[in-house]
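A short write-up of the structure that comes next.
The values are calculated or read from the model by the stated rules, or taken from the named source; none is laboratory data. Note that this is a predicted model, so its numbers are computed, not measured. Because the Cβ atoms are built from the backbone with ideal geometry, glycine has one as well, and the counts that use them run over all protein chains shown.
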Amino acid sequence: MSRLLFAVALSLLSACYTPSGAFIEVDTAIVAESSDFVISPGDVLQVRVFQQDAMSARVRVRADGKVSLPLLNDVVAAGKSPSVLAGELQARLKDFINLPVVTVSLEETRPVTVSVLGEVTRNGVVTLEPGAGVVQALAAAGGLTDFAHKEGIFVLRKVPGQPQPKRIRFTWDMLTRGEGPASRFTLQPGDVVVAE
């Protein structure tokens, strides 16, 4: 009988859950932002300068986020998409060649490492394949506990130049339907998944 009362009380509490603190809902704009691949330390890039083999290179992004390239020396690559980096390299190479055309492609990626905290079976750091989403992170952490609020799943993402991370809200229904923005959201290195 006491188990039944506990189960009823628990279901009433979870039905009354309202997230506290500031957050934004996952939407199409956030998904578009998260789906852009961001270069991270440990990734291997192929930088090609059209008709300039001596200026082309295969490089690994160092721990400081930089790569060393002919004529340009150290260039910050981490935190940028390959297309943004290619554009910056083209602009810098104009001092050395006429109308440079640069392509940056990804040859190897390091796995995505995120923290999973809160009402999950195993709190801690999990390693995921690039392109993984919130469901994969929760599964790697052993899933939600019985005390998790299915309306209170958040991703904390650092935004350059902002003191507070973005707090993006998901619900269990969004994630398990396999459709909509929540299903297309990809995690980035350094993200923190929190289940309340």
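Quick notes on this structure:
- Enumeration of residues in region 137-148 that are in a loop (DSSP other than H, G, I, E, B) and surrounded by fewer than 18 Cβ atoms within 10 Å (Cβ to Cβ): GLY142, GLY143, THR145, ASP146, PHE147
So that you can scan it fast, the table gives a plain yes or no per residue for (1) without any contact (Cβ under 8 Å) to a residue 60 or more places away in the chain; (2) in contact with a Gly (Cβ under 7 Å, 6 or more places away or on another chain); (3) not polar (S, T, N, Q):
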site	(1), (2), (3)
LYS94	yes, no, yes
LEU99	yes, no, yes
ARG110	no, yes, yes
GLY124	yes, no, yes
PRO130	no, no, yes
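- The residue that is nearest to GLU179 (Cα to Cα), counting only those in region 114-131 that are under 18 Å from the mean Cα position of the chain (by Cα) and exposed (fewer than 15 other Cβ atoms within 10 Å of the Cβ), is GLY131.
- Meets criteria (surrounded by 14 or more Cβ atoms within 10 Å (Cβ to Cβ) and either among the hydroxyl-bearing types (Ser, Thr, Tyr) or within 19 Å of GLY42 (Cβ to Cβ) (or both)) for THR186: yes
Residue-wise test of (1) in contact (Cβ under 8 Å) with a residue 12 or more places away in the chain; (2) part of a helix (DSSP H, G or I); (3) in the same structural domain as ALA78 (by TED's automatic domain parsing); (4) farther than 19 Å from VAL126 by Cβ.
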| residue | (1), (2), (3), (4) |
| --- | --- |
| LYS150 | yes, no, no, yes |
| LEU156 | yes, no, no, no |
| GLN162 | no, no, no, yes |
| ASP173 | yes, yes, no, yes |
| ALA182 | yes, yes, no, no |
| THR186 | yes, no, no, no |
| PRO189 | yes, no, no, no |
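- Residue check for VAL125: in a strand (DSSP E or B) and either basic (Lys, Arg) or in contact with a helix residue (DSSP H, G or I) (Cβ under 9 Å, 6 or more places away or on another chain) (or both): no
- Options VAL101, VAL61, VAL134: the member that is buried (at least 18 other Cβ atoms within 10 Å of the Cβ) and either in contact with a helix residue (DSSP H, G or I) (Cβ under 9 Å, 6 or more places away or on another chain) or of a type in the set (Lys, Arg) (or both): VAL134
- Taking region 58-86 as the range and being without any contact (Cβ under 8 Å) to a residue 12 or more places away in the chain and within 22 Å of the chain's Cα centre (by Cα) as the test, the residues that pass are VAL76, VAL84.
- The set of residues in region 38-68 that are among the basic types (Lys, Arg) and touching a strand residue (DSSP E or B) at 6+ places or on another chain (Cβ under 7 Å) comprises ARG48, ARG58, ARG60, LYS66.
- Among helices (runs of 4 or more DSSP H) entirely within region 1-108, having at least 1 residues that are at pLDDT below 85 singles out 2-15, 28-35.
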